Every structure is written in C-alpha cells, then in structure tokens.
Ligand code: IPE
Ligand code: IPE
Ligand code: MG
Ligand code: MG
Ligand code: MG
C-alpha cells in the first residue's frame, strides 16, 4: 500500500478523535446540562488534536509489545489540555477572548461556569483513565504531568514572570516551557506506550526513547506557539496574536529573537529525529516537521 501523505493521515485521525470526543460526555444523572454544554463547547471546538494523536502514535510504536487500547488515554489528555486552555484564557490569567476561532469559554458562558467546566474536564479525565486501565501508573503519569510540578507549576512561573517577579534568562524560559506545555506533551508519549502495553509495562528502552522525543517535541511546540504569536495570523491560529509582548510574557522570540528561536526549534527537531529513529515510527518523524512548520 502507498504511504498516505501526512496531511490526509492527520485529517483522518482528527476525525476519529473528534468522533470519540463527541461520545465522551454523555448526559447522566446529576450532570447539569449547562455544564455539559460548556464542556462540550470547548472540547469539541476545532483544535489540532495533537496530544491525543501523540498518544495513539506512541501506542502504535509499541504495537509489537502489547495490544492495549489507547483511546481512553487519548481522550483523557485532550480533556486535560482543554481544561488548561479554558483556565489559561480567564481574565485572571491571559485574559483572552478568542480560542480555536470562537469566543473563549468564559466569554460565552461566564467566568463561574468556565472555571467549573475546566474543573470538571480535569476530573473526568482521571475517571476515564481509572476506569480503563488496571495499571495505576497511567493516572500517576498524567497527574505528575498536569499538576504542581508539571503544567500547573509552569503556569505559575509564567504568571510570576509576567508580573516581573523572576529573572529573564534562557535557563528560566526553558524551565517554564518544559513544564507549562512540555510536561503534558511528554506524558502523551508515555501514556500511549503504557496504555498499549497495559496490564504489562513497555520495554524501558522504548519508553525512554519516546520520552526523550516528547521532551524535545514539547519544547518545539511552545517555541512555535511563541513564534506564531509574533508572526502568525489570527485567522489561522484561531486566537489573538501579538499578545505575549503586550503582557510582558517571557518567550523565545522575546528573549532570543525570531531567527535564533527558529534555529533552536530546528535543533530540537533533529535531536528528536535521532532519538526516535531506531523505533521505526515514520508518523512520529513526520509530525516533527509538521509542528516545526505549522501556521496554527
Ligand atoms: C495551545 O495548544 C496552548 C499551548 C500549550 C501552547 P494547541 O496549539 O495544541 O491548541 P489546540 O488544541 O490546537 O487548540
Ligand atoms: C499555554 O501557553 C499553556 C497552557 C495552556 C497550559 P500560552 O498561554 O502561550 O497558550 P496560548 O497561546 O494562550 O494558546
Ligand atoms: Mg498562558
Ligand atoms: Mg494563553
Ligand atoms: Mg501562546
């Protein structure tokens, strides 16, 4: 069979992910309809679905080691991601009114319900994992990535930076990005591998290679996010642009300039390509180029 071009492969996976997301939040006793509506509004808005895709691709890279089903893990990470977007956009944080090309959750539903929709998505994600996988390592993996020393920790540092409470160095910048965005992306690869091999565990060398790839990709992803804030178009990104400098954010282009930021991202892509090569996972390789050159 001919190798399907990456864009159509991606479109197919996105459609499959979105179909499952549609089914994920069914009505049930005690679940207020207005809350469900707000959760679905943000969850089903047109996102890139990068994180669930990574879970699926990591599971496929472990194909010969286990036949575990990665879907619950894929949906769970997207729920955690969307919760983080809803809260990131709140007036007390980045104060954004546009997300995925639509009014942000708090603009559409009010701050109170938006906060609660985020809370509920986060909680739901762990229920999905706990119900699907007998190995507690999956819940642990996601909680470490999303929590105080992962994404939330990175967001706290991002706010401190914005308020001028922290030194502005490359080391600091990288430490913030590795946690606020990198930790969740990295965990997608680990979760995919663990889900595929559950109830067993992935071979340590495979897990290590996927993890190293995820670390590089997570950083590349936030570098390109920072670059798109400067060079991108709102019509493509679905969010406002030129906001980071206005909010005094510490970003790659802000600290290093556009060219050096691009070079750093390209370097990290090469590092990721090298580390993943022995796993023979062509889609993970193609994804690196996609993330490096993305316009949204
Ligand atoms: C945006 O993530 C927030 C960051 C961590 C940089 P994405 O760019 O993956 O957002 P969606 O899911 O496509 O909307
Ligand atoms: C967001 O970083 C990180 C999380 C949501 C955890 P940004 O604040 O740069 O993301 P955007 O640009 O609003 O999507
Ligand atoms: Mg932010
Ligand atoms: Mg933001
Ligand atoms: Mg940004």
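The numbers here are math on the coordinates, done by the rules we state, and not lab data. Quick caveat, the model's predicted, so the values are computed rather than measured. For neighbour counting, all protein chains shown are included, and Cβ atoms are generated from backbone atoms with ideal geometry for every residue, glycine included.
Here are the numbers:
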| item | result |
| --- | --- |
| Ranked by how many other beta carbons lie within 10 Å on average, peptides 23-30, 251-258, 263-270, 160-167 from highest | 251-258, 263-270, 160-167, 23-30 |
| Rg to Rh, two decimals, where segment 137-296 supplies the alpha carbon set and Rh follows Kirkwood | 0.99 |
| Volume of the Cα convex hull of segment 1-137, divided per residue and given in Å³ | 127 Å³ |
| Reciprocal of mean inverse Cα separation for segment 149-213 (Kirkwood radius, Å) | 13.1 Å |
| Cβ-based exposure ranking for 180, 249, in which fewest neighbours within 10 Å come first | 249, 180 |
| With 5 Å bins from 0: P(r) over the chain, alpha-carbon pairs, percent | 1, 5, 12, 16, 19, 19, 14, 9, 4, 1, 0, 0 |
| Most fluctuating residue given options 215, 179, 34, as computed from a GNM of the chain linking Cα atoms under 10 Å | 34 |
| Residue-averaged 222 nm ellipticity for the chain, from DSSP H runs of 4+ at -39500 (n - 2.57), nearest 500 | -21500 deg cm²/dmol |
| Taking the chain and dividing mean pair separation by its residue count, relative contact order in percent (alpha carbons under 8 Å, at least six apart) | 20 percent |
| Percent of Cα pairs exceeding the 15 Å cut-off, where the set is segment 183-228 | 46 percent |
| Sorted peptide list for 220-228, 277-285, criterion being average Cβ within 10 angstrom, highest first | 220-228, 277-285 |
| Overall Cα dimensions of segment 25-101, principal axis frame, Å, largest first | 46, 33, 19 |
| Relative compactness, segment 70-200, computed as alpha-carbon Rg over 2.2 N^0.38 Å | 1.12 |
